[in-house]
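Participant: What follows is a single structure, and I will ask about it in a moment.
The values are calculated or read from the model by the stated rules, or taken from the named source; none is laboratory data. Everything numeric in this text was worked out from a predicted model, so none of it was measured. As a convention, Cβ positions derive from the backbone with ideal geometry for all residues, glycine included, and neighbour counts pool all protein chains shown. Note: accessible area is taken over every heavy atom of the protein model, side chains too, but ligands, DNA and RNA are not part of it. Shrake-Rupley method; radii C 1.70, N 1.55, O 1.52, S 1.80 Å.
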Amino acid sequence: YTCQAYISPAEFIQRNPERSEFFLKKIKKAVKETRGEIMFFEGQPIDALYHSTCGGRTESAADIWGQDIPYLRSVDCEYCSGTKYYSTLQVFSVQDINRLLGENGSSEISVRVIEKTDSGRLKKLEVNGHLLSGEKFRKMLDLPSTFCNFKIDNDNLVINSRGYGHGVGMCQYGANGMAKEGKTYKDILKKYYQNFEFVKLDY
């Protein structure tokens, strides 16, 4: 639950005073209409991971966590490109990088990509001689994702990131884009998850 942006219904109403009733009715309707419907893989409910914005391609579980999960593989996404999280720019000074690495002597920034995932995200890189995983680099600099490229400009590290989140599973903004084009919830789920089946439970 630590990665979820959950709020209570009361807080939701407080944040959306004008449209809360409309949204809550839509949520209740969706829950009622899909009651008992489960996505199964090999006789078990899937771990239906999701993230905010993939930036054009989702990530595979194998590349980010080292375990190949047949329903969590990388897919192209052409539905989240118009969102606010699709592309972001951040700038870090030499002093910022030194502080984050726990150093104070370096007068320049050196970054070398060692390995990328199949989707193009950072897997391993070297920053001022420090070997880092893409995920550690992301957390260290508080980047929106590991789907990024960078350049050194006037002794600053300029990072252009695509998407927001780990990138595995369903892209929420992509799903919203598909829905706006008239795709059904089953179309959307089949886009972002693979090798599963829908099972209807009687309850």
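Participant: Normalised by the number of residues in segment 1-150, what is the relative contact order in percent for Cα pairs under 8 Å and 6+ residues apart?
Facilitator: 13
Participant: Tell me the carbon and sulfur percent of the accessible area for segment 61-203, rounded to whole percent, probe radius 1.4 Å. The partial results should precede the final answer.
Facilitator: Working: 3590 of 8070 Å².
Looking at segment 61-203 in its full context, I get 44 percent from C and S.
Participant: Can you sort F22, F137, F196 by solvent-accessible area, 1.4 Å probe, largest first?
Facilitator: My answer, sorted largest first, is F22, F196, F137.
Participant: So if R0 is 41 Å, what FRET efficiency would D153 and A5 give, r being the distance between their Cβ atoms, rounded to the nearest 0.05?
Facilitator: Efficiency, rounded to the nearest 0.05: 0.80.
Participant: Please give the solvent-accessible surface of L201 in Å², to the nearest 10, using a probe radius of 1.4 Å with every protein chain present.
Facilitator: 70
Participant: Which of the following values of P(r) over Cα pairs in 5 Å bins from 0, in percent was calculated from the structure shown: (i) 1, 6, 11, 14, 13, 10, 8, 8, 7, 8, 6, 4, 2, 1, 0; (ii) 1, 8, 16, 20, 19, 14, 11, 6, 3, 1, 0; (iii) 1, 7, 12, 15, 16, 15, 12, 9, 6, 4, 2, 1, 0, 0?
Facilitator: It is the value labelled (iii).
Participant: Something else: What does the net charge come to around K28 if you take all other residues with beta carbon closer than 13 Å to its beta carbon, with K and R at +1 and D and E at -1? Kindly include the intermediate steps, with their values, before the conclusion.
Facilitator: Working: positive: K25, K26, K29, K32, R35; negative: E21, E33.
Spelling it out: positives minus negatives among the neighbours equals +3.
Participant: Under unit Cβ charges (Lys, Arg +1; Asp, Glu -1), what dipole magnitude, rounded to 20 debye, does segment 1-130 have relative to its Cα centre?
Facilitator: For segment 1-130, the charge dipole is close to 560 debye.
Participant: How about K186: which lysines have a C-alpha closer than 19 Å to its C-alpha, ignoring those fewer than 8 places off in the same chain?
Facilitator: K26, K28, K29, K32, K200
Participant: On to the next question. What is the antiparallel percent of DSSP beta bridges lying wholly in the chain, to the nearest 5?
Facilitator: Numbers: 30 of 33 bridges.
For the chain, the DSSP antiparallel bridge percentage is about 90.
Participant: Any idea how far apart E103 and A179 come out in nm if each label point goes 7 Å out from Cα toward Cβ?
Facilitator: With each label placed 7 Å out from Cα toward Cβ, I get 4.7 nm.
Participant: Separate question: Quick one: what are the phi-derived ³J(HN,Hα) couplings along segment 132-137, Karplus 6.51/-1.76/1.60 with θ = phi - 60°, whole Hz, x for glycine and proline?
Facilitator: Result, rounded to whole Hz: 10, 7, x, 5, 5, 4.
Participant: How long is the gain from K25 to K139 if the chain were fully straight, where each residue apart is worth 0.36 nm and the alpha carbon distance is subtracted?
Facilitator: Taking 0.36 nm per residue and subtracting the Cα distance, the gain is 37.4 nm.
Participant: A follow-up question, please. What nm value, rounded to one decimal, do you get for the distance between Q44 and Q95 when each label is placed 7 Å out toward the C-beta?
Facilitator: In this crude spin-label approximation the distance works out to 5.1 nm.
Participant: Right, another one. When the dipole is taken about the Cα centre of segment 1-60, and only Lys, Arg (+1) and Asp, Glu (-1) are charged at their Cβ, what size is it in debye, to the nearest 20? Let's see the in-between values first.
Facilitator: Working: 9 positive and 8 negative charges, 72 e Å.
Charge dipole of segment 1-60: 340 debye, to the nearest 20.
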